[in-house]
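Here's the structure we're looking at; comments come further down.
Please treat every number below as a calculation from the coordinates, not as lab data. Small disclaimer: the values here were computed from a predicted structure and weren't measured. Backbone-built Cβ (ideal geometry, glycine too); neighbour counts: all protein chains shown.
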């Protein structure tokens, strides 16, 4: 005769306590956090919809059906960006919207890729070029694109490579101040005149500020 296990109230409370403790350790898996599925050289962006014991359900940003397979994922949370391994278990559709069901992530670690997530965000910033501690030029303009490690913009004249500059960035009512360095300043033709596509890298930006910029890039790309 097959034995049937009867759960008492203590078993139920203990199970829910363990479940809560497990999910508490993975509090970066919050609904509405952005998630990136990486397959080969391609990335597919999603939004976390629901988290269960062993399944994470996400809403696909684009209606692209992905086959069942293993994949690297990046989870963009308020306290940083996490890299992990998961598996696409199934794909479902509801009212024209695709949902991926992913296996619970394993081998979780901070991802260095957060530094290179770039978005075409146009936002105000100020460059202060100094010589011997004194400002010799001030440029107020807008970024062409942005990531947590630097930005690109269109300049009226070339800037010398490796010139050190003070930069103040205005992003979503937040002000970020950092030293930066010119990476390149290349001529481009715009409306029959030559301008200079210029890139700078941030030198002493904080981790908190990097996380903030990355989250803004994710929101922009969604």
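Mind ordering 197-204, 156-163 by average Cβ neighbours within 10 Å, highest first? Intermediate results must be reported in sequence, preceding the final value.
Details: 197-204: 17.9, 156-163: 12.4.
Put in order of decreasing packing, that is 197-204, 156-163.
Assuming R0 = 30 Å, what is the FRET efficiency of residue 207 and residue 64, from their Cβ-Cβ distance, to the nearest 0.05? Walk me through the numbers on the way to the answer.
On the way: r = 33 Å, r/R0 = 1.08.
Computed FRET efficiency for residue 207 and residue 64 comes out at 0.40.
So how much slack lies between residue 135 and residue 47, counting 0.36 nm per residue of separation and subtracting their Cα-Cα distance, in nm? The partial results should precede the final answer.
Working: separation 88, 0.36 × 88 = 31.68 nm, distance 4.45 nm.
Roughly 27.2 nm would be gained on extension.
Seen from all sides and averaged, what is the projected area of the convex hull of the Cα atoms in the stretch 124-221, in nm²? Could the numbers behind the result be given before it?
Values: hull surface 26.5 nm².
Directional mean of the projected Cα hull area for the stretch 124-221 stands at 6.6 nm².
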**Request:** Starting with the highest mean, order 130-138, 49-57 by the number of other Cβ atoms within 10 Å, averaged over the residues of each peptide.
**Result:** 49-57, 130-138
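With a Förster radius of 22 Å, plug the Cβ-Cβ distance of residue 155 and residue 120 into 1/(1 + (r/R0)^6) and report the FRET value to the nearest 0.05.
The value I calculate is 0.80.
Listed highest first by mean packing, meaning other Cβ atoms within 10 Å per residue, what order do 185-192, 117-124 come in? The partial results should precede the final answer.
Values: 185-192: 9.4, 117-124: 15.8.
The peptides rank, most packed first, as 117-124, 185-192.
Between residue 91 and residue 186, what FRET efficiency follows from the Cβ-Cβ distance if R0 is 30 Å, with the result rounded to 0.05? Walk me through the intermediate numbers first.
On the way: r = 42 Å, r/R0 = 1.42.
That gives a FRET efficiency of 0.10.
How much length would be gained if the chain were fully extended between residue 177 and residue 128, taking 0.36 nm per residue of separation minus their Cα-Cα distance, in nm to one decimal? If you can, show how the numbers build up before the last one.
On the way: separation 49, 0.36 × 49 = 17.64 nm, distance 1.09 nm.
Stretched out fully, the residue 177 to residue 128 stretch lengthens by 16.5 nm.
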